[in-house]
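Have a look at the structure below before the remarks.
The values are calculated or read from the model by the stated rules, or taken from the named source; none is laboratory data. Everything numeric in this text was worked out from a predicted model, so none of it was measured. Here Cβ is always computed from backbone atoms with ideal geometry, including for glycine, and neighbour counts include all displayed protein chains. For the accessible areas, the whole protein counts, side chains as well, though only heavy atoms, and no ligand, DNA or RNA atoms are used. Shrake-Rupley method; radii C 1.70, N 1.55, O 1.52, S 1.80 Å.
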Amino acid sequence: MEKTTMTDKYSIESAETLANQAQGLPIAEATPIYEQLLQLFPTAARFWKQYVEAHMAVNNDDAIKQIFSRCLLNCLQVPLWRCYIRFIRKVNDKKGTEGQEETKKAFDFMLNYVGADIASGPVWMEYISFLKSLPSVHPQEESHRMTVIRKVYQRAIINPTHQIEQLWKDYENFENSVSRQLAKGLVSEYQPKYNSARAVYRERKKYFDEIDWNMLAIPPTGSSKEEMQWMAWKRLLSFEKGNPQRIDTASSNKRVIFTYEQCLMYMYHYPDIWYDYATWHAKGGSIDAAIKVFQRSLKALPDSEMLRYAYAELEESRGAIQAAKKIHENLLGDGENATALAHIQFIRFLRRTEGVEAARKYFLDARKSPTCSYHVYVAYASVAFCLDKDPKMAHNVFEAGLKRFMHEPVYILEYADFLTRLNDDQNIRALFERALSSLPPEKSVEVWKRFVQFEQTYGDLSSMLKVEQRRKEAFGEDATTASESSLQDVVSRYSFMDLWPCSSNDLDHLSRQEWLAKNLSKKVEKSIIPNGTALTDKRSVENISNTSSKVVYPDTSKMLIYDPKQNPGTGASTNAFDEILKATPPALVSFLANLPTVDGPTPNVDIVLSICLQSDLPIGQSGKTGMPGGPAPATSELSGSSKSHPVQSGLSHKSIGRKHYGKRKDLDRQEDDDTTSVQSQPPPRDAFRIRQFQKARANSTSQTGSVSYGSALSGDLSGSTG
């Protein structure tokens, strides 16, 4: 036990190891381990079941009751609840009538929570068997007992469970054993309900089969398995919300609640599931139930600001202002560690609910907080300007913030936007001048850009040109170069929104020329200049070496070696390639095996074949090409066969036609090797093929396009240009 520690807080492997170790330990030593596990996995029903069974083994009834009170309502899983009913029956077996009544209440309690589970069939059967085993002294008691059993059967057969067909058969037998006349009417009444439940079970089972019921609830890691489980639960929830069985609303809602509760056993750390559950209650009018879900969600995810704001929004929407305010105050904490967003949202909340003065008072306190950023100033200034209609107050807030956040370009731009809405061009220019005098060049890019845009809108031509020149000088250009206007500057001045005084091609061309102009004094090679344009100075090697010395290269020592065995996607492609090799003629396989290994980029096959087709290949060499005057090879030049079977030069169509009358041995030999078939060879004196080949070659020199080929093994070449 000492060797195994929870190195990773939510390590599933460590949790499984600890749980297995705890099973072999005395209960006194196992209890701390179980408590540690259940603190991390409070909805792990199998850990709870293992924990309670360890206490049941030593008959520690008080501890068992305490454990069940902690886990039952949060872990709606049939095996755990069956463990609970076993304990109840064991405790009440010797208490007579009183004990039987307690057991009956326990069964009703259990079925009220897990009776809708698809695996609850054995629970219904066990309850019915228990009711049948109860003694009855008077006929009135017997009649009452039969009525209770009938009601349990009728509840069971409308639940889509694995044992629904067996339950229906048992119900029919039960009714017939009581009264055949009465059975006929009752069975015919519940037959449609049973049929509907059985049909829904078949659909429901498909969704349940996608769910991993042994999964532990851990925070999302983004793994594919977790995402698949999340989608499986979403599909099941959507299915249950659709009320496929067309039962009454109350029963349908009960099933949806049960499904959400089961989902949260596995998606315990997913805020979206909690939010969906709460909003589903709220939409249905159950505001109190939604509030309880939000409260539970904050216990599960105490650091989730999203859920806190959603909870506060629900309280505010129903008029519970003080409850919503308390949630916001909890987000603020002691104020020292409150986030800027918490300050901003509380200011907005106070402005909505308590008015102008409350929001202003809190802002004055919030700006003293060490966590108060420029965002708080911008937010309150927006509230004062847009909601309070007080531009003077907003202006004062921005000015106060400027003393603290002059180094923040975003704050400068927000202040400039505010002044723009006031149409205060003089103060805007003054703001830009103050900011640009204090900001370093690397942080002033956006401010200069906004200053230029402002002058283009509010200034005259001279002011525009002056600001553009100052911006160039600020970024390192000398005064002579900065004073020169470029066509890019004209485009910038005379464009508006998505309207440009030139085409996109012109923009690309201007950008290209601008880059080249900046690099006229630099001697670089083709690989350094975009789009492949090169300066042809051969003395650029030295400059390139100096440039490359400044390049930051990746640390290849930490790179992982590619292993195709670890790639799940390679299996299918490898099998497909093997199938292709099986269908490839032996001669071609032999040729491929003799090819050298290419260590580098793979050539484009179409381009290579196109170049070969356009080349001026010699045709009339005797003994090599199959032209008149030389023997034809037994295999096509394109087939790449390593074997050669010469064919007599006098072979013609006539001799080919007579091959059917040759010896069977010769025919078998031809069938064994596809590449040595006589029909796979072009006739040695086929003038039509020669003209066709020459025509294709001539066309390819005058036209461009893709070249398509026929079977390489048949020697049939056809060139088509697109």
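Each residue of the range 146-151 is assigned a 3J(HN,Hα), and the resulting list reads 5, 5, 5, 4, 4, 5 Hz, derived from the Karplus form 6.51 cos²θ - 1.76 cosθ + 1.60 (θ = phi - 60°), x at Gly and Pro.
In loop segments of the range 332-363 as defined by DSSP, the GluC sites (Glu not before Pro) with at most 10 further C-beta atoms inside 10 Å of their C-beta are Glu336. Evaluated with a Cβ-only charge set (Lys, Arg +1; Asp, Glu -1), the range 285-324 carries a dipole of roughly 180 debye about its Cα centre, given to the nearest 20.
Using a probe of 1.4 Å on the protein chains alone, the accessible area found for Lys518 is around 130 Å².
When the pairs Lys326/Lys392; Lys325/Lys361; Lys193/Lys225; Lys65/Lys193; Lys132/Lys193; Lys205/Lys241 are compared against a 26 Å limit on Cα-Cα distance, Lys326/Lys392; Lys193/Lys225; Lys65/Lys193 fall above it.
Kindly identify the range 248-290 as rounded, prolate or oblate by the Cα gyration tensor criterion: order the square roots of the eigenvalues as a ≥ b ≥ c, call it rounded if a/c is under 1.5, otherwise compare a/b with b/c, prolate if a/b is larger, else oblate. Oblate, because a/c is 1.5 or more while a/b does not exceed b/c. The slack in the chain from Ser143 to Arg155, taken as 0.36 nm per residue of separation less the alpha-carbon distance, amounts to 2.5 nm. For the range 53-107, a simple Cβ point-charge model (Lys and Arg +1, Asp and Glu -1, everything else neutral) yields a dipole of about 140 debye relative to the Cα centre.
Using the beta-carbon distance between Thr279 and Asp212 and R0 = 25 Å, what value does 1/(1 + (r/R0)^6) give for FRET efficiency, to the nearest 0.05? With R0 = 25 Å, the Cβ-Cβ based efficiency is 0.45. Quick one: pull the percent of accessible area on the range 198-293 belonging to carbon and sulfur, 1.4 Å probe, ligands and nucleic acids left out. Reported share for carbon and sulfur atoms: 53 percent. Work out the FRET efficiency for Gln513 and Gln426 from their Cβ-Cβ distance, taking R0 = 51 Å, and round it to the nearest 0.05. Efficiency computed from Cβ-Cβ geometry: 0.85.
Taking every protein chain into account, the accessible area of the range 89-146 amounts to 55 square angstrom per residue (probe 1.4 Å). Couplings 3J(HN,Hα) for the range 280-295, derived from phi with the Karplus relation 6.51 cos²θ - 1.76 cosθ + 1.60 (θ = phi - 60°), are 4, 4, 5, 5, x, x, 8, 5, 4, 5, 5, 5, 4, 5, 4, 5 Hz, where x marks Gly and Pro. Whenever you get a sec, compute what percent of the accessible area on the range 71-136 sits on carbon and sulfur atoms (1.4 Å probe). Percent of accessible area from carbon and sulfur atoms in the range 71-136: 51. Accessible surface calculations at 1.4 Å, restricted to protein heavy atoms, place the range 33-74 at 44 Å² per residue.
How much accessible area per residue does the range 333-374 have, in Å², with a 1.4 Å probe?
I get 53 Å² per residue for the range 333-374.
Between Asp388 and Glu433, the FRET efficiency estimated from the beta carbon spacing at R0 = 45 angstrom works out to 0.95. Modelled spin-label separation between Lys326 and Ala119, with each label point placed 7 Å from Cα along the Cα-to-Cβ direction: 3.9 nm.
Phi angles of the range 88-94 translate, via the Karplus equation with coefficients 6.51, -1.76, 1.60 and θ = phi - 60°, into HN-Hα couplings of 4, 5, 5, 5, 9, 4, 9 Hz per residue; Gly and Pro are given as x. Distance between the 7 Å Cα→Cβ label points at Ser223 and Leu581: 3.4 nm. Here the range 352-407 has 58 percent of its accessible surface on carbon and sulfur atoms, given a 1.4 Å probe and all protein chains in place.
How much length would be gained if the chain were fully extended between Asn20 and Ser486, taking 0.36 nm per residue of separation minus their Cα-Cα distance, in nm to one decimal?
This chain segment gains 160.2 nm when fully extended.
Shown are Lys403, Lys90, Lys389, Lys234, whose ranking by accessible area with a 1.4 Å probe and every protein chain present, most to least, is Lys403, Lys389, Lys90, Lys234. Projecting label points 7 angstrom from Cα along Cα→Cβ for Cys502 and Ala400 puts them 4.9 nm apart.
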